[in-house]
Structures are given as structure tokens and as C-alpha cells.
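In what follows, a single structure is set out as C-alpha cells and then discussed.
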Amino acid sequence: MSAKAKYVMGLTMTIALMFGFLDPIWPDAVVSFKRLHIFLFNLLTGGSLILYYTEGKGIFTVKVRAFFALALLYALFAAAGLYIPTLILSAPLFLIVESVRNSRFSFLPLDFFRPRVPVHEKFNQASLLCLSLGIVIASLVIINNEYAGWVQYEKLTIEVFFLGYSFPVSLITMALMFSFMTERSSRLIGVLKEIGFWSVNLGVIIFFVFIIFKWFAAEMVISITLFFTVFMIFFMFIITAPAVQQKTFLLSGMVFLLFTALTGIAYILAYPFPFLSEYKDFLLQLHAMVSLYGWNLSGLFIIIRYNDFPIRLNSFLAIFLHWAIVLVLAPLGKYDWPIAVAALGAYVGLLTVVFLGHAIQRSVRQ
């Protein structure tokens, strides 16, 4: 990736985090900072990098550039509550994602059911499919809630479905992890990889349905199942991935993901147990922060520097700074603006170190 593209990605990621702090400071703004926070990180940056990684050309192609520009407009219109242009922009965004998916894979995702197809390829295609379906489903929710009124559920909100744009980024990070795992491993590992693929994808989809219908007991069962699935994948990654610099960042990301699962379980427990209810808002903030800027960001780091590893930086110090931002500075910054400023400064420093660290030697291009 060119230096210019890295600067653009770093800038959008920084602005995304900044918007995450602005709601308490400017509650009466004409635009939703929460939506901008979600879109600029997940849809704009995450979606563009998913397409960039899938095409594998090492540059921002015309399709990636077009997606980036349209996603930026989509984010601005959706944040301002201008739903007609948001719906209009959904069509070309969907077509671009599907064009990239069909060029790399096929229209029907039959590879999901083929045991000889590497699991990382399945996760890659699932990420694209989830992104395109997310655009369609979000559009249907907008039409339902703003115009048609077909169905009415308390949890069937635009915000809930907009948050679904984080799932494609999570899946592309899974694709990266599985791409580092040894392909010619034991039959047991092969079976566990397939179980991991289906458990993650079906588990999150089913979990989303349970959220809509507010089935708390079912949400708890799925959350615990996903936690043990992530733990299984974490263990497989440790024993099968080679000792390369990328592994260190992805292991950190997996610990973030385990922590995400635990905070999600704690948030669900806050409903039946009143003594936890006073912590619900903080648990939700922490859960979202660890998911977006912990787990997902770990994968985006690898994609942005994909052709540069190994890079000249102290990985452990970078990861320590990453954890300090995600677990301490950013969550507290939601409640105190000087801490928010400190979080932004530390975040810019982290992105600068990771994005601009010099390559020790160039690997073969993707």
C-alpha cells in the first residue's frame, strides 16, 4: 500500500475515534456522531480494506476508490438522517462489493460447503458476502422504520443494524488468522477449522436474531458458545501459525476478542441481575471499544502493512500502547474530555508507529 493510502486510512480511523467522543460534548448536533463513528471505521475504512485485501493488487484500484468515496457520502447522509440519498447510494456500494466477490470467488458461495477449499478463503468470501448483505439489510430496515412500517420491534432499529457493519471486518480478520495456520495439518485440526468457520458465522447471525426478539436466555447460550469457539480458534492459531511478526499482533487481537466475548456475556447478565444494571452503559462502551479498536483494528493493521512485514518496530511496546488505549484511555474518554484528547493523541502515535515503520525486508507481494 502506498504511503498516501496509509495516511488516508490513518486519518479516517482517527476521525472515526474522535466522533466517538463527541456525543456527550455536543448532544444537540444535527448529525449523529455515533453513526459517523461506526461508519468511518467499519464501512469506510474496514469495507475499503476488505476490498483491497481481496483484490490482492497492493494498490487502491478504481473499485476500491469508488467504494471509499461512495461510503463516505453514505456515512454523511446516514448520520444526518437523510435516508433517500442513503438508500440510493446503497445500490452502487452493493454492486461494487459483489463485483469484487464474484471476480475472486463466485456468485453462489458454494465454496462454503467444499472441504478442500481453505477455511481462510471461506472467511474472506463470508466477509464480502456479509458486507453486501449488510448494505441490503440496513436499507430494508431504513425503509421499514422510516416509510413502510411492515414490522415493529423495539430492537429493530437502524442503530442496531448499522452496528452490523463491524461483522465483515471481524470476518476478514478471521481470514487473516486462518491464512497463517498450517494447511497440511492433522485431520482433527481440519475438522476444528470447519467447525470454527460455521460456529462463528452461524453463531453471530443467530445471536443477531435473538437480540431483535430479546431472548436473553438464548443470547446467553450463543454468547457462551461463541466464547468457547473463539478460545478453540485461539488455541489452534497458537499451535499451527509460524512465529512471525504478524502472529504477535493477531494473538493480541484474539485476546481482545476473548475479552469482547466476556464483556458481551456480562452485559447480557445485567438484564436479569439488577445489581449489574448500573454498569450496563460502561460494559456496552467497553464491549464496543474492545471489539472495534481492539480485535478489528489488529486485523486492519496486518492488511495495511500486508506487503511490508517484517517491519521495524517494537511489537510488544506497540501492543502495550494498543491495550492502554482500548482498555483505559478510550473508555474513560467517553466520560472525560481531557482523557479523550489523551486517547486521541496516543491513538495517533500508535497508528504512526505501525503504519509508517520501515520494512526490514520486503516480502513477496500478495
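Side notes on the structure shown:
- Residue-level check: of (1) modelled with pLDDT of 85 or more; (2) within 23 Å of PHE301 (Cβ to Cβ); (3) in the same structural domain as VAL97 (by TED's automatic domain parsing), ALA148 misses just (2).
- Complete set of residues in segment 74-90 that are surrounded by 13 or more Cβ atoms within 10 Å (Cβ to Cβ) and not hydroxyl-bearing (Ser, Thr, Tyr): ALA75, LEU76, PHE77, ALA78, ALA79, ALA80, GLY81, PRO85, LEU87, ILE88, LEU89
- Here ALA75 passes the criteria (1) closer than 21 Å to PHE301 by Cα; (2) in contact (Cβ under 8 Å) with a residue 40 or more places away in the chain; (3) assigned to a helix (DSSP H, G or I) except the one numbered (1).
- Test: residue in segment 103-117 that is assigned by TED's automatic domain parsing to the domain that holds THR157, surrounded by fewer than 18 Cβ atoms within 10 Å (Cβ to Cβ) and under 25 Å from LEU11 (Cα atoms): no
- The listed residues are VAL151, VAL169, VAL141, and the only one of them that is hydrophobic (A, V, I, L, M, F, W, C), surrounded by 16 or more Cβ atoms within 10 Å (Cβ to Cβ) and over 17 Å from TYR83 (Cβ atoms) turns out to be VAL169.
- Pairs where the first residue, in segment 2-17, is closer than 18 Å to SER291 by Cα and the second is surrounded by fewer than 20 Cβ atoms within 10 Å (Cβ to Cβ), C-beta under 7 Å, 6+ apart: THR14/VAL348
- The combined condition, being charged (D, E, K, R) and either within 25 Å of GLU159 (Cβ to Cβ) or not in a helix (DSSP H, G or I) (or both), is not fulfilled by LYS247.
- Taking residues in segment 329-357 that are crowded, with 21+ Cβ neighbours inside 10 Å, and partners anywhere that are not in a helix (DSSP H, G or I), the pairs with Cβ atoms closer than 6 Å and at least 6 places apart or on different chains are GLY333/PHE21; ALA340/PHE21.
- Residue match in segment 272-287 (condition: touching a residue at least 24 places away in the same chain (Cβ under 8 Å), closer than 17 Å to PHE355 by Cα and under 16 Å from the mean Cα position of the chain (by Cα)): no
The values are calculated or read from the model by the stated rules, or taken from the named source; none is laboratory data. All figures in this text were calculated on a predicted structure; none of them were measured in a lab. In this analysis, Cβ positions are derived from the backbone assuming ideal geometry, glycine residues included, and neighbour counts consider all displayed protein chains.
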